[in-house]
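Everything on this sheet refers to the single structure shown next.
The values are calculated or read from the model by the stated rules, or taken from the named source; none is laboratory data. Only a predicted model underlies this, so the values are computations on that prediction, with no experimental measurement involved. Cβ: placed from backbone, ideal geometry, glycine included. Neighbour counts: every protein chain shown.
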Amino acid sequence: MRITLGVTGGVAAYKAAELVRRLQQDGFTVQVVMTRSAREFVTPLTFAALSGQKVITDLFAESGGEANLESAIEHIAVAQRTDLLLVAPATADVIAKFARGLADDFLTTLHLASTAPVVLAPAMNVNMWNHRATQENLEMLRARGVHIVQPDEGYLACGMTGPGRLAGQEAIVAAVREALKMKRDLEGETVLVTAGPTCEDLDPVRYITNRSSGKMGYAVAAAAARRGAKVILVSGPTALDAPAGVDRVDVRTALEMQQAVRQYFSEASVGIFAAAVSDYRPAEPLAQKIKRSKEPLTIRLEPNPDILRNVAAEKGSRLVVGFAAETERVAENARKKLAAKNADLIVANDVTAEGAGFDVDTNIVTLLARDGRDLALPKLSKREVADRILDEVVRLRAGVRVAAQHSSD
């Protein structure tokens, strides 16, 4: 999801830099819009470096710059692609402008052009906060559905004490979640996720692996954490950073992944096995580098353990989700895998399809559940696919609880 972060002119503007990082840890893409006054406290370059996105500072091209149609209507483009407008810190001035519908810079114009939810995190002097005009403006905005994050009380930069300090990061992030109606339906669950490839050594410099980037498994782990679960991520080698709030366990080979899964699955109520585990490994990896030769080279391979099948055979009341990366007869092969592996849900995709498969940010999957429900999804971002998978997990877990309750009655 994309958040537009408005930064206005106040001492607390520097805290918005930390907020960018916190939002990114939750998986949000953040684009910063700065008012002219905000640039007196923090430079646009700081936010550009942190967000990796263009920082917008003016409604039109800056003085001396080349004016064009793109710059003239950029506020409309940003308004259309943002999922939420967050202003932190929000000064008394910008609160008044939002309340009265003024549009004299990029941020206030964006506010009028956007239909996305709005969250304001005020920060100002205590007397300005308590002023009747400010409170009336806030009430006006609340009546329109704007989410106001109550400022903290304490010692202020002006030397006074009272309400007016910018709320803490967690309070602001919680307001963002609430405004976006983000689910917390996995609280109390412990979710084990496997992700990425495994690497099987031929010799000290060569190994067998596959094209998995780990993006799908990491998206599932991040989504489960956002929805309140305790998440243990068992990851093969990838270039990805661990999602916020996730306990990551690094492994390299299929045997190491099996050992980690055995160790941590006992803690889990749900296992989601998204890793692309190598089916075979060299039977006798060599201690020294294989030298080039004119003769054909034969390498004997032996099967790796079937981690999904082994776990599902002993799952008890736990829910097990597997993945099926197919190149033909996708639904047919996935349905066979669902039965053969004793899984509760299989996520199947055709890795040869454009926009699906390895090392891309989108996927096209079909969810096949043990209770007979098949759900074919269109091309979605892997973040969206992750949430659709977890929607099915929540549905199936509810069925398990109902069955357990009936058996105990």
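The residues in the stretch 109-122 that are over 25 Å from the mean Cα position of the chain (by Cα) and either of a type in the set (Ser, Thr, Tyr) or under 14 Å from Pro163 (Cα atoms) (or both) can be counted, and the count is 2.
For the structure I just gave you, tell me whether Ala260 is buried (at least 18 other Cβ atoms within 10 Å of the Cβ) and free of Cβ contacts under 8 Å to residues at least 24 places away in the same chain. No; evaluated as a whole, the condition is false for this residue.
For Arg329, indicate whether it is within 23 Å of Pro237 (Cα to Cα), in the same structural domain as Arg370 (by TED's automatic domain parsing) and of a type in the set (Lys, Arg). Here the answer is no, as Arg329 does not meet what is asked.
Which of the residues spanning the stretch 330-366 are farther than 23 Å from Glu314 by Cα, assigned to a strand (DSSP E or B) and either touching a residue at least 40 places away in the same chain (Cβ under 8 Å) or over 25 Å from the mean Cα position of the chain (by Cα) (or both)? Asn363, the sole residue that qualifies.
Whether a residue is of a type outside the set (Lys, Arg), at pLDDT below 95 and either farther than 15 Å from Thr8 by Cβ or within 28 Å of the chain's Cα centre (by Cα) (or both) was assessed, and Asn125 does not pass this test.
Yes or no, residue by residue, for (1) touching an Asp or Glu at 6+ places or on another chain (Cβ under 8 Å); (2) of a type in the set (A, V, I, L, M); (3) outside any helix (DSSP H, G or I):
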{"site": "Asp104", "(1), (2), (3)": "no, no, yes"}
{"site": "Ala116", "(1), (2), (3)": "yes, yes, yes"}
{"site": "Val119", "(1), (2), (3)": "no, yes, yes"}
{"site": "Asn127", "(1), (2), (3)": "no, no, no"}
{"site": "Lys181", "(1), (2), (3)": "no, no, yes"}
{"site": "Val193", "(1), (2), (3)": "no, yes, yes"}
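Can you confirm whether Arg142 is among the charged types (D, E, K, R), on the phi < 0 side of the Ramachandran plot and in a helix (DSSP H, G or I)? Here the answer is yes, as Arg142 does meet what is asked.
Looking at the stretch 367-396, which of the residues that are in a strand (DSSP E or B) and closer than 19 Å to Ser212 by Cβ is nearest to the chain's Cα centre (by Cα)? Only one residue tops the list, namely Ser381.
Residue-wise test of (1) assigned by TED's automatic domain parsing to the domain that holds Glu302; (2) under 29 Å from the mean Cα position of the chain (by Cα); (3) buried (at least 19 other Cβ atoms within 10 Å of the Cβ).
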site	(1), (2), (3)
Ala133	no, no, no
Arg142	no, yes, no
Asp185	no, yes, no
Thr198	yes, yes, yes
Asp203	yes, no, no
Gly214	yes, yes, yes
Ile232	yes, yes, yes
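Look at Asp241 and say whether it is over 23 Å from Val119 (Cβ atoms), without any contact (Cβ under 8 Å) to a residue 24 or more places away in the chain and charged (D, E, K, R).
Considered against the rule, which asks whether it is over 23 Å from Val119 (Cβ atoms), without any contact (Cβ under 8 Å) to a residue 24 or more places away in the chain and charged (D, E, K, R), Asp241 comes out as yes.
Within the stretch 1-51, the residues that satisfy the criterion of being among the basic types (Lys, Arg), touching a residue at least 40 places away in the same chain (Cβ under 8 Å) and over 22 Å from Ser114 (Cα atoms) are Lys15, Arg22. Considered as a group, the residues in the stretch 363-393 that are modelled with pLDDT of 90 or more and either polar (S, T, N, Q) or outside the structural domain of Ala334 (by TED's automatic domain parsing) (or both) include one that is surrounded by the fewest Cβ atoms within 10 Å (Cβ to Cβ), and that residue is Thr366.
Considering the stretch 212-257, and only residues there that are under 18 Å from Val385 (Cβ atoms) and among the charged types (D, E, K, R), the residue that is modelled with the lowest pLDDT turns out to be Arg226.
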